[in-house]
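Asker: What follows is a single structure, and I will ask about it in a moment.
The values are calculated or read from the model by the stated rules, or taken from the named source; none is laboratory data. Just so it is clear, the structure is predicted and the values come from calculations on it, not from any experiment. Here the Cβ positions follow ideal geometry from the backbone for every residue, glycine too, while neighbour counts run over all protein chains shown. Just so you know, the surface numbers come from the protein's heavy atoms only, side chains and all, with ligands and any DNA or RNA stripped out. Shrake-Rupley method; radii C 1.70, N 1.55, O 1.52, S 1.80 Å.
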Amino acid sequence: MLKTLVAIEVDLASSMAIRYACDLGNLIPMELFPVYVKAPPPEVPATGTGWVRHTWEREIVAMGKEEIHEMLASEQESCPLLREPLVIYGDREYELLKIVDQENFDLYVEGAPYPFNPGSIHRRLHSKFYQKLASPLIWLRVLRKIHQALVVCPDLAGARAVLPALQKLWAGCPIPLHLALPPREGYGGPGDALAEEARKVLGTMEAAGCTMQLQEVADWSSGGPAPALLKDYSLVAVALERTIKKDDLRLQWLAQVKNPLMLVLY
């Protein structure tokens, strides 16, 4: 049983994140653990101790529980995998970091950064939480029925990060996986080594009951497959280096991806 942490707020992106995680949980055995970090409002002093401050915190957490209960009520009726939401008072990044430090999760899900552009993507990925996050993550900016997924494998290093992650998450899942590879460059070249790596994983996952298909994508000039090729996929998975630069072409490409997006950081 996989453990999935779903970070939520009271917004549309979080509502989509919960619904998508529930849909995924109907295909892959997993438990969903929603968490809502309620930040203090501006009128609460940043410092201080004692009865007054603790009273503020209790009231803010109670307010957060009420907000989230309303948002999750419809999902909890149809999604038995969804655990009781954890509502915490404090700084979002700090509290989420404490949670993943104390407990191992197989997947992390949340609404995508807004606005979804190269700058905001770069800032989010270079935050302390994401730099320490060990599990794959899924960003939601649209909601799609899960029917097939695309794994983007432009190079050998990325493939060796994303394919084992998908192998763990997708084992036994009936939803087809397509692997997008650049054209082979001849026997013994980098493309040939990448294709060989993909074939190994393909054989292992097919033995575990998965449906997989390799497909060559000719044009990677935009940093990934052309957005038009992604329109039929309900999940696009890709690996990225944690040290990715702000001017990296792949960030421009990611900003064009409207599909639910899985990132594996390495």
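Asker: Report the rotationally averaged projected area of segment 1-126 based on its alpha-carbon convex hull, in square nanometres.
Answerer: On the way: hull surface 36.1 nm².
One quarter of the hull surface, i.e. the mean projection, equals 9.0 nm².
Asker: So what is the calculated 222 nm ellipticity per residue for the chain, using -39500 (n - 2.57) for each DSSP H run with n of 4 or more, over all residues, to the nearest 500 deg cm²/dmol? Numbers along the way, then the final one.
Answerer: On the way: 8 runs with 107 residues, N = 266.
Here the helix-only value at 222 nm equals -13000 deg cm²/dmol.
Asker: State the percentage of accessible surface on the chain attributable to carbon and sulfur atoms; use a 1.4 Å probe and exclude ligands, DNA and RNA.
Answerer: Details: 6990 of 12850 Å².
Here it works out to 54 percent.
Asker: Given 37 °C and 0.692 mPa s, how large is the Stokes-Einstein diffusion coefficient of segment 93-142 in µm²/s, with Rh as the Kirkwood radius over Cα pairs? Kindly include the intermediate steps, with their values, before the conclusion.
Answerer: On the way: Rh = 11.6 Å.
Once the numbers are plugged in, D ends up at 284 µm²/s.
Asker: Okay, next question. Short version: ³J(HN,Hα) in whole Hz for each residue of segment 110-119, in order, from phi by Karplus 6.51 cos²θ - 1.76 cosθ + 1.60 (θ = phi - 60°), x for Gly and Pro, what are they?
Answerer: With the stated coefficients, segment 110-119 comes to 7, x, 5, x, 10, x, 8, 9, x, x Hz.
Asker: Working out 0.36 nm times the residue gap between LYS3 and TYR266, then minus their Cα-Cα distance, what length gain in nm do you get to one decimal? Please report the intermediate quantities before stating the final value.
Answerer: On the way: separation 263, 0.36 × 263 = 94.68 nm, distance 2.02 nm.
Here the answer is 92.7 nm.
Asker: Which residue, SER74, SER15, SER120, has the most motion in a Gaussian network model of the chain that connects Cα atoms within less than 10 Å?
Answerer: SER74
Asker: Need one number: nm distance between label points at VAL61 and ALA208, each 7 Å from Cα along Cα→Cβ, rounded to one decimal.
Answerer: 3.8
Asker: What's the Kirkwood radius of the chain in Å, using all Cα pairs? Could the numbers behind the result be given before it?
Answerer: Values: mean 1/r = 0.0508 Å⁻¹.
Answer for the chain: a Kirkwood hydrodynamic radius of 19.7 Å.
Asker: According to the Kirkwood expression over distinct Cα-Cα pairs, how big is the hydrodynamic radius of segment 78-175, in Å?
Answerer: Hydrodynamic radius (Kirkwood, Cα pairs) of segment 78-175 is 16.0 Å.
Asker: What are the extents of the Cα atoms of segment 225-266 along their three principal axes, in Å, largest first?
Answerer: 30, 18, 12
Asker: Then there is this: For the pairs LYS132/LYS246; LYS98/LYS231; LYS3/LYS132, flag any whose C-alpha to C-alpha distance is greater than 26 Å. Present the calculation step by step, with values, prior to reporting the outcome.
Answerer: Working: LYS132/LYS246 19 Å; LYS98/LYS231 37 Å; LYS3/LYS132 18 Å.
From the list (LYS132/LYS246; LYS98/LYS231; LYS3/LYS132), the Cα-Cα distance tops 26 Å for LYS98/LYS231.
Asker: Same structure again: Determine the relative contact order of segment 64-178: mean sequence separation of Cα pairs under 8 Å and six or more apart, normalised by residue count, in whole percent. Working shown, then result.
Answerer: Working: 65 pairs, mean separation 25.5, N = 115.
Rounded, it is 22 percent for segment 64-178.
Asker: Rg to Rh for segment 158-266: what is it, with Cα atoms only and Rh by Kirkwood? Don't skip to the answer; put the middle values down first.
Answerer: On the way: Rg = 13.9 Å, Rh = 14.7 Å.
So for segment 158-266, dividing Rg by the Kirkwood Rh gives 0.95.
Asker: Further question: Over the chain, average the accessible area per residue using a 1.4 Å probe and give it in Å², no decimals.
Answerer: Working: 12850 Å² over 266 residues.
Roughly 48 Å² per residue, with all protein chains present.
Asker: Could you please report the charge total around LYS65, scoring K, R as +1 and D, E as -1 over all other residues with beta-carbon less than 12 angstrom from its beta-carbon?
Answerer: Values: positive: LYS38, ARG58; negative: GLU59, GLU66, GLU67, GLU70, GLU84.
Net of charged neighbours comes to -3.
Asker: Continuing with this model, one more query. In the chain, what cysteines have no partner Cβ closer than 4.7 Å?
Answerer: For the chain, the answer is CYS153, CYS173, CYS210, because their Cβ atoms have no other cysteine Cβ under 4.7 Å.
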